[in-house]
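Visitor: Input: one structure, supplied below.
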Amino acid sequence: VASMLDDQFVYKVKPKAKLYSPQEFEIATLGAKCHENLHRQQLANDRFNEQQRPIALIAAVNGWAVAKTFWRNEVGPKKRLVMTNGAPPELQALGVNIPKLEVKESVETLFDGPVTEALDTPDFYWEEAASNLDKAAWCAHAVWMTLDDIKAGAKAGRYDQTAVDELINPTDTPTAGSVEDSREKRSRKKGRIEVLEIYDRAKKTITTIAGRKVLLRGPKPWPFW
């Protein structure tokens, strides 16, 4: 695996090859450099180098691997030290300022950018009759989530609240000898619910199903426009 990976994985961005005026070429070169710096920062923020090894290792074992890239936005409470005037009100009225540090808590963006995850191959499906993924009419990804995570998704407006209310505990019993049965033995879904994201490439829609029987979302318009 070490021979398959680059120590410093970076992209070299260059302007598109075409005829430019001197001013256009200068702007295009500057834009390419900015894009390169942005991409390098995004890779560092995502700690993408840590994902390279599992992706390459899975591909070496199975002959193929799946890397899922998506945009993640996380907000949450964050504490900061803020300089305030600690003087009594009567002294403040006279213009006296005594610096004082106070703890202030506010809701801020914790992470906002692209992330890449190495998927476990048994969690990724595509049309059985298709000879390869490019010819598949649909593909699907199984995500294992806790009930609290699904409820949080409904509260955020991503899932249908009525459908989430139907979910209590994981009730799917895998068939003996199936792929799901082998996953069950590894306790991969203990206390979690399977959330299946189905991407219909022919109809350009995405559908999300929980527990193989509850429609959480969709069909929604194809997100990869």
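Visitor: With every protein chain in place, what's the accessible area of His35 (1.4 Å probe, Å², nearest 10)?
Guide: Its accessible surface works out to 100 Å², give or take rounding.
Visitor: In addition: With a ≥ b ≥ c taken as the square roots of the eigenvalues of the C-alpha gyration tensor of region 77-142, please select rounded if a/c is under 1.5 and otherwise prolate if a/b is larger than b/c or oblate if it is not?
Guide: It is prolate, given that a/c is not under 1.5 and a/b is the larger ratio.
Visitor: Taking the chain as a Gaussian network, where each spring joins two C-alpha atoms under 10 Å apart, which residue of Pro89, Pro22, Pro77 fluctuates the most?
Guide: Pro89
Visitor: So for the chain, averaging the separation of alpha carbon pairs under 8 Å that are six or more residues apart and normalising by length, what relative contact order in percent results?
Guide: That works out to 14 percent.
Visitor: Would you be so kind as to identify which of Leu91, Tyr159, His39 lies farthest towards the positive end of the dipole of the chain, taking Lys and Arg as +1 and Asp and Glu as -1 on Cβ and the Cα centre as origin?
Guide: Farthest towards the positive pole: His39.
Visitor: Contour minus end-to-end for Gln8 and Phe124, with contour as 0.36 nm per residue of separation and end-to-end as the Cα-Cα distance?
Guide: This chain segment gains 38.9 nm when fully extended.
Visitor: I've got another one for you. How big is the charge dipole of the chain about its Cα centre, in debye rounded to the nearest 20, if each Lys and Arg gets +1 on its Cβ and each Asp and Glu gets -1 on its Cβ?
Guide: Here the chain has a charge dipole of around 220 debye.
Visitor: Please work out the average accessible area per residue across the chain, using the 1.4 Å probe convention, and give it in Å².
Guide: Per-residue accessible area for the chain comes out at 71 Å².
Visitor: Another question, if that's okay. Label region 126-172 by shape, choosing from rounded, prolate and oblate, from the square roots a ≥ b ≥ c of the eigenvalues of the Cα gyration tensor; if a/c is under 1.5 it is rounded, and otherwise prolate applies when a/b is larger than b/c, oblate when it is not.
Guide: Because a/c hits 1.5 or more and a/b exceeds b/c, region 126-172 counts as prolate.
Visitor: Using θ = phi - 60° and the Karplus relation 6.51 cos²θ - 1.76 cosθ + 1.60, list the HN-Hα couplings for region 30-39 in order, rounded to whole Hz, with x at every Gly or Pro.
Guide: 5, x, 5, 5, 5, 4, 4, 5, 5, 5
Visitor: Are any of the pairs Lys135/Lys220; Lys33/Lys68; Lys104/Lys155; Lys155/Lys203; Lys155/Lys190; Lys135/Lys203 more than 19 Å apart by Cα-Cα distance, and if so, which?
Guide: Over 19 Å Cα-Cα: Lys135/Lys220; Lys33/Lys68; Lys104/Lys155; Lys155/Lys203; Lys155/Lys190.
Visitor: Enumerate the amide H contacts of Thr84 below 5 Å, restricted to partners 5 or more residues apart or on another chain; note that Pro and chain-start residues carry no placed amide H.
Guide: When sequence neighbours closer than 5 places are left aside, the close amide H contacts are Lys100, Leu101, Glu102.
Visitor: Using a 1.4 Å probe, how large is the accessible area of Val214, given in Å² and rounded to the nearest 10?
Guide: 10 Å²
Visitor: Please label the shape of region 23-77 as rounded, prolate or oblate, based on the square roots a ≥ b ≥ c of the eigenvalues of the alpha-carbon gyration tensor (a/c under 1.5 means rounded; beyond that, a/b larger than b/c means prolate, else oblate).
Guide: oblate
Visitor: Got a number for the accessible area of Lys33? Probe 1.4 Å, square angstrom, nearest 10.
Guide: 100 Å²
Visitor: Leaving ligands, DNA and RNA out of it, report the carbon-plus-sulfur percent of the accessible area of region 1-71 at a 1.4 Å probe.
Guide: Of all accessible area on region 1-71, carbon and sulfur atoms account for 57 percent.
Visitor: Among Leu133, Ala28, Gly191, whose Cα lies farthest out toward the positive end of the dipole of the chain, if unit charges sit on the beta carbon of Lys, Arg (+1) and Asp, Glu (-1)?
Guide: Among Leu133, Ala28, Gly191, the one farthest towards the positive end of the dipole of the chain is Ala28.
Visitor: What does the charge count around Gly157 come to, taking other residues whose C-beta lies under 14 Å from its C-beta (Lys +1, Arg +1, Asp -1, Glu -1)?
Guide: +4
The values are calculated or read from the model by the stated rules, or taken from the named source; none is laboratory data. Note that the structure is predicted; figures quoted are calculated from it, not measured. Virtual Cβ from ideal backbone geometry, glycine too; neighbours counted across all protein chains shown. Side chains are part of the model used for accessible areas, which takes the heavy atoms of the whole protein and leaves out ligands, DNA and RNA. Shrake-Rupley method; radii C 1.70, N 1.55, O 1.52, S 1.80 Å.
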